[in-house]
Amino acid sequence: MSLSEITARIAKAEAQAGREAGSAKLIAVSKVQPDERVKAVLQEGHRLFGENRVQEAAGKWPAFRENFPDAEVHLIGPLQTNKARQAFELFEAIHSVDRPKLAKTIARLAQEVGHCPELFIQVNTGEEPQKAGILPADTDGFIAECRAMDLPLNGLMCIPPATEEPSLHFALLGKIAARNGLSGLSMGMSSDFESAIALGATHIRVGSAIFGARAYEP
Ligand SMILES: *Cc1c(COP(=O)(O)O)cnc(C)c1O
């Protein structure tokens, strides 16, 4: 599928949900994709991208940014505390704030360098043991903890379990965000972004539907 087909589907989903055009931002997930495919999407005029590995982003985005200085890259995968400093240099947003230790490291860095990427707290809505994220029952407390550290919280992010109806998880994420006064909702991928938009997604993360299948899963 092409970028223009995806943006047309997004516009349609926004209209059907009675939402303003452009209120759901498309993060083109470029992880693992060959440089030519990423460059083609940049040349089509798209500027917002997502990567799930710090190392991989460090290897390719500095060069892309030379030619496309207004490109924006969001980290959507796990962040080790020892890579947080590098993440500050590489990303305009971090969607994977998933534990107190990382929040503390980010707060310390933000103090030190005087700026901070936009932050999303990753919530493990499916309570899957192998998956990162704050458990739903712990999320209100963690949000309060982050606020006490003056972290610039944009919203919440989730990756629903592969075998469950994603809209239940999108609705849960929306509910937790609303009761905490957070407006950002990073949810929805290639197979379910339309239902995420119907349930209030402000950032959808779409990879394979734009770029084609990945050669391997990172
Ligand atoms: C890879 C990835 C995506 C994109 O997945 P697609 O199914 O290719 O759209 C979205 N979110 C996260 C966190 C990812 O790692």
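The values are calculated or read from the model by the stated rules, or taken from the named source; none is laboratory data. Quick caveat, the model's predicted, so the values are computed rather than measured. We place every Cβ from the backbone using ideal geometry, glycine too, and count neighbours over all the protein chains shown. What goes into the accessible areas is simple: the full protein's heavy atoms, side chains included, and nothing from ligands, DNA or RNA. Shrake-Rupley method; radii C 1.70, N 1.55, O 1.52, S 1.80 Å.
Looking only at the chain, where both bridge partners belong to it, what percent of the DSSP beta bridges are antiparallel (to the nearest 5)? About 0 percent, rounded to the nearest 5. The Cα trace of the chain gives Rg and Dmax of 16.5, 45 Å, the first to one decimal, the second as a whole number.
Working note: Karplus 6.51/-1.76/1.60 with θ = phi - 60° gives segment 11-22 the couplings 4, 5, 5, 4, 4, 4, 8, x, 9, 5, 4, x Hz, where Gly and Pro are set to x. A 1.4 Å probe run over the chain, with the rest of the protein chains in place, finds 46 Å² accessible per residue.
So which GluC sites (Glu not before Pro) in segment 70-169 pass both tests, a DSSP loop state and at most 13 other Cβ atoms within 10 Å of the Cβ? Sites meeting the loop and neighbour criteria: GLU92, GLU127, GLU164. Highest GNM mean-square fluctuation among GLY141, GLY200, GLY50, for the chain modelled with Cα contacts below 10 Å: GLY141. For the chain, with all protein chains in place and a probe radius of 1.4 Å, 51% of the accessible heavy-atom surface sits on carbon or sulfur. Within the straight-line cut-off of under 28 Å between alpha carbons, the lysines reachable from LYS31 are LYS12, LYS39, LYS60, LYS83, LYS101, LYS104, LYS131, sequence neighbours fewer than 8 places apart in one chain being disregarded. Close amide H pairs (under 5 Å, H built 1.01 Å from N) link ILE134 with GLN122, VAL123, ASN124, residues at least 5 positions away or on another chain. Taking every protein chain into account, the 1.4 Å probe leaves CYS116 with about 40 Å² of accessible area, to the nearest ten. Taking every DSSP helix (H) stretch of at least 4 residues in the chain, weighting each as -39,500 (n - 2.57) and dividing the sum by the residue count yields a mean residue ellipticity at 222 nm of -13000 deg cm²/dmol.
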